[in-house]
Amino acid sequence: MSTVRLRGFGHRHPGRRRWAVRGVDLDIAHGERVALLGPSGAGKSTLLAALAGLLPPEAGDREGTVEIDGRDPREARDRVGIVFQDPQSQLVMERAGDDVAFGLENRGTPPDDIPRLVAAALDRVGFPYPPLRATSALSGGEQQRLALAGALVHGPGLLLLDEPTANLDPPGARLVREVLAAVGDTTQIVVEHRIAELTGQLDRIVVLEPGGGIRADGPPEKVFAEHGDALAADGVWVPGLPLPAHPAAGPPGEELLRAELLGFRPVFTGLHTTVRAAEALAVVGPNGAGKSTLARLLGGLLAPTDGRVAATAALAGPDADRPPHRWRARALAARIGSVFQNPAHQFVTARVRDELTLGAADPARADDLLVRLRLDALAGANPHTLSGGEQRRLSVATALAAAPRLLVLDEPTFGQDRRTWSELVALLAALRDEGHGVVAVTHDDAFRSALGARALRLGAREPAEAAR
Amino acid sequence: MNRATPIADPTAPLARRNPVAKLAAAGVLALALVISLDPVGPAVALAAELAAVPFFGLRYRALGRRTWPLLVGVAGMLFSLVLFAADREHIVASALALALRLLAVALPGVIVFATTDPTDLADALVQNARVSPRFAIGTLAAWRLVPLMGEEWRLIGQARRARGIDPGRDPLARLRLLASASFTLLVGAIRRGTRLATAMDARGFDSGVPRTTARVQRFGAADTALVAGAAVLAAAALTLSVLTGYFNPLFS
């Protein structure tokens, strides 16, 4: 197990005026399990990167000292393991066992020792498959378990976790938390938005202050009791605080869209549903059930293989006799707005404001949306440089720019902090009460209940269909 | 699916050979076939290559599915050369020779990738051909991300349609849309690649310690025999083309 010691630590990325993190004094003892919290931009990830020895001093400006077991982190690399957010971009090899062996090979471990160590690491994270299992055939949660095995295989004294569950659905996140609870012999430092579920297995919470220094440090109960409201306002998911509720103001309105025996082989077939104005519909179900596919079918972005999506005259006017996937794009955007899981896919211009004027019928609407989604201060910024929460808000704004009657969103609250989450829920509730239809694919039960959304549950894929 | 995913029975006698030996054999043949512009050498080599296909654990049908773009390309080239040539009689012979040569050079490469696991190839390149691990393993890791880009490309297209952007029939608008979608794809690929590189370094890829290997690739007598066999075939093809009087060196 390792100790961590920071004194007046600060780092500024090259070409930036602001310090990413500054004035941090921190001691972490053997075996402590610590969560680093703070609003986005407080420098949590920068601090983790410094501890992992991934920030060479020449890459930017450095202040103060950081030590792991009394050594510079770049010389203590073999004492540290780190797991990042996205499983896809941290697995290196095609087969699970080879991937775990990767870190051992890099450190010059004798080949005869490798199979035994790999087996032990896979066992430690409860990996349920043989080492020859293809990494691409694993679910997100299983991939993240494998990444943990890869980070633990050389027996590090310090385990760093940079939002390890942010990209996972609830069952996947549970898999990762179980491993973290079971892993002994390491000091753990975790950065995570959804801290509530982790609180039970933490010894200590450290809150970074965006301007520099540390705002709070102590046992979770104490920190949340003393700073809970301020943390929640900054976007931290403080456990136990009630979430806002926005039940529908009135009954559902007219029918906008209807799915009749709708199918997209081999994902699902035979689906019936209706989408109404002034109603929120939550599409729920396990991974692989075809929720995102359904969102794209309803959004007119994908042609069904079976059945049809039929639009009513209320939504489509003269085009009601044709299915949405045959409409011209401009007509589609003015009727059905789609918000993708990854906001970056939707950006087509170099400025936030241009994104909104591109689709807007009149420029006043663009300005109105900028203010409404708290993006007015960023109007001139490049969409790709925004933070995750800002990108999410912008992607919703772009879908609203052409004033569509129906909004289809894919996992809108995925990985969002509490503040962005609350804003999104309030916005969607307001749109619904103005008479818009809202369809959201979601794993987020809190989101569904906050909107009082009707649930459309897709089943798990049937084996016979999955095999095709 | 990737065009370089193995589709062969991995236990077949030649499929089991060391990937570096397979690459070397393909290289020897290619080298011999570019020396001469005649049709005899490539015809001999192509016949022998086709005869060897079952020993690589490949079915002809699977091979045909894998190579159809190549076959279509060669047929198209043959067709246009013959159709548009002024001196038709002369061109038919050279066009045929060219088509044979293309197939005879390309087929060994197709066979190598159809019968070789990418991980084994990277391991063998490092262990048997002394290629830098930073290059071989780095390329292998990047290779894993390629299928993700196909899905990404579809999503970007759909997202653009959702934004109300479709080029219609205007070719200029089509080109602009293609360029901007490619840019989005590139930005995403670079971000993902950077994250992967960081994750690899965090696991000691840049440690500077001499790397060990968990999977041993052996280069044995059978592997040497495969390369020697290819050399013999290359020599036989060249000899036949000289003896039949068709030999026509590239640089003369």
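With each label modelled as a point 7 angstrom along the Cα→C-beta vector, the A:R174-B:R59 pair spans 4.2 nm.
Cβ crowding within 10 Å, taken as a proxy for footprinting-reagent exposure, orders A:W327, A:W237 from fewest neighbours to most as A:W327, A:W237.
Counting Lys and Arg as +1 and Asp and Glu as -1, what is the net charge of the other residues whose Cβ lies under 14 Å from the Cβ of A:A402? It would help to have the intermediate numbers written out before the result.
Numbers: positive: A:R328, A:R330, A:R335, A:R365, A:R405, B:R160, B:R161, B:R163; negative: A:E355, A:D362, A:D368, B:D166.
So the environment of A:A402 carries a net charge of +4.
Residue separation of A:Q88 and A:R62 scaled by 0.36 nm, minus their Cα-Cα distance, works out to 6.3 nm of gained length.
Between A:L243 and A:Y129, the modelled label-to-label distance comes to 3.1 nm, taking each label 7 Å out from Cα in the direction of the beta carbon.
Applying 0.36 nm per residue to the separation of B:D206 and B:A12 and subtracting their alpha-carbon distance, the gain on full extension is 66.1 nm. Long hydrophobic helices in chain B: the complete DSSP H runs spanning 24 Å or more by Cα along their own axis with mean Kyte-Doolittle hydropathy of at least 0.0 are B:19-35, B:60-84, B:88-114, B:171-202, B:221-243.
On the basis of the beta-carbon distance and an R0 of 41 Å, B:A179 and A:D25 show a calculated FRET efficiency of 0.25.
Would you mind ranking A:R177, A:R95, A:R328 so that the residue whose beta carbon has the fewest other beta carbons within 10 Å leads the list?
On the way: A:R177 21, A:R95 18, A:R328 13.
Placing the least packed residue first, the sequence is A:R328, A:R95, A:R177.
Annotation for B:R154 and B:M77: the two label points, set 7 Å from Cα along the Cα-Cβ direction, are 3.2 nm apart. In loop segments of the range B:111-192 as defined by DSSP, the trypsin sites (Lys or Arg not before Pro) with at most 16 further C-beta atoms inside 10 Å of their C-beta are B:R130, B:R169.
Can you give the net charge of the other residues whose Cβ lies under 15 Å from the Cβ of A:R215, counting K and R as +1 and D and E as -1?
Net charge around A:R215: -2.
Between amide H atoms placed 1.01 Å from N, distances below 5 Å from A:E254 occur with A:A277, all of them 5 or more places distant or on a separate chain.
For the range A:255-466, the orientation-averaged shadow of the C-alpha convex hull comes to 11.0 nm² (one quarter of the hull surface).
Computed over neighbours whose Cβ is under 11 Å from that of A:T442, the net charge equals -3, Lys and Arg +1, Asp and Glu -1. Rounded to the nearest 5, the antiparallel percentage of DSSP beta bridges internal to the protein assembly as shown is 45%.
Nothing charged except the Cβ atoms of Lys and Arg (+1) and of Asp and Glu (-1): what's the magnitude of the dipole of the range A:4-233 about its Cα centre? Round to the nearest 20 debye.
Numbers: 26 positive and 33 negative charges, 88 e Å.
For the range A:4-233, the charge dipole is close to 420 debye.
If you rank A:D229, A:D410 by fewest surrounding Cβ atoms within 10 Å, what's the result? Working shown, then result.
Working: A:D229 11, A:D410 21.
Sorted ascending by nearby Cβ count, the order is A:D229, A:D410.
Read-outs throughout are calculated quantities, based only on the coordinates presented, and are distinct from any laboratory measurement. Everything numeric in this text was worked out from a predicted model, so none of it was measured. Cβ sites come from the backbone with ideal geometry, for glycine too, and all protein chains shown count toward neighbours.
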